[in-house]
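Undergrad: Have a look at this one.
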Amino acid sequence: MARIALVSEAHFIRTFRATFGETPHRYLQRRRVERAMALLVETNRDVTDICYAVGFGSLGTFSRTFRQIVGESPSDFRRHRVAAANVPSCFAKAWTRPSSFG
């Protein structure tokens, strides 16, 4: 992306972080974890299958990153996830969106 923007990689990362509050790599990881969270709740697919489906190359990296962002393992997240049927989805999404800080 830096090459396309005609800037150095370091400058691109600094500018991205200043604008979005996280590095491009962390942003991509968080978006992958958000998709994994949805798949864990909406499907019965194995955690390993979800890991590869969202773009992680290893289960260990996926599990470690998921825990750092969400605060619990993918299996624990699936187990503890309680579907709140009477809560509007916009509120549920806001409450369950992982923080980019932490």
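What follows is calculated from the coordinates using simple rules that are stated; it is not laboratory data. Only a predicted model underlies this, so the values are computations on that prediction, with no experimental measurement involved. Positions of Cβ are backbone-derived with ideal geometry, glycine not excepted, and every protein chain shown enters the neighbour counts.
Undergrad: Using Cα pairs closer than 8 Å and at least 6 residues apart in sequence, work out the relative contact order for region 24-96, in percent.
TA: 26 percent
Undergrad: So, in Å, what gap is there between the alpha-carbon centers of region 39-76 and region 1-33?
TA: Region 39-76 and region 1-33 have Cα centres spaced 23 Å from each other.
Undergrad: While we're here: Check every DSSP H run in the chain and write down those whose alpha carbon atoms cover 15 angstrom or more along the long axis and whose mean Kyte-Doolittle hydropathy is -0.5 or greater.
TA: Helix filter hits for the chain: 9-20, 59-70.
Undergrad: Continuing with the same structure: Using a simple charge model, +1 on the beta-carbon of Lys and Arg, -1 on the beta-carbon of Asp and Glu, nothing else, what dipole does region 24-96 show about its Cα centre, in debye to the nearest 20?
TA: In debye, rounded to 20, region 24-96 gives about 220.
Undergrad: Here is a further query. Using 0.36 nm per residue, how much length does the chain from Y52 to M1 gain when fully extended, once their Cα-Cα distance is taken away?
TA: Length gained, Y52 through M1: 16.0 nm.
Undergrad: Starting from 0.36 nm per residue, how many nanometres of slack lie between A10 and L59 once their C-alpha separation is accounted for?
TA: Gain in length upon complete extension: 14.7 nm.
Undergrad: In what sequence do I69, I50 fall when counting other Cβ within 10 Å, fewest first?
TA: Ordered from fewest to most neighbouring Cβ atoms within 10 Å, I69, I50 come out as I69, I50.
Undergrad: Over the chain, what per residue volume does the convex hull of the Cα atoms give, in whole Å³?
TA: 120 Å³
Undergrad: Something else about it: If you take the charge dipole of the chain about its Cα centre, with +1 on Lys and Arg Cβ and -1 on Asp and Glu Cβ, which of V47, A10, F66 is farthest toward its positive end?
TA: Working it through, the farthest residue towards the positive pole turns out to be A10.
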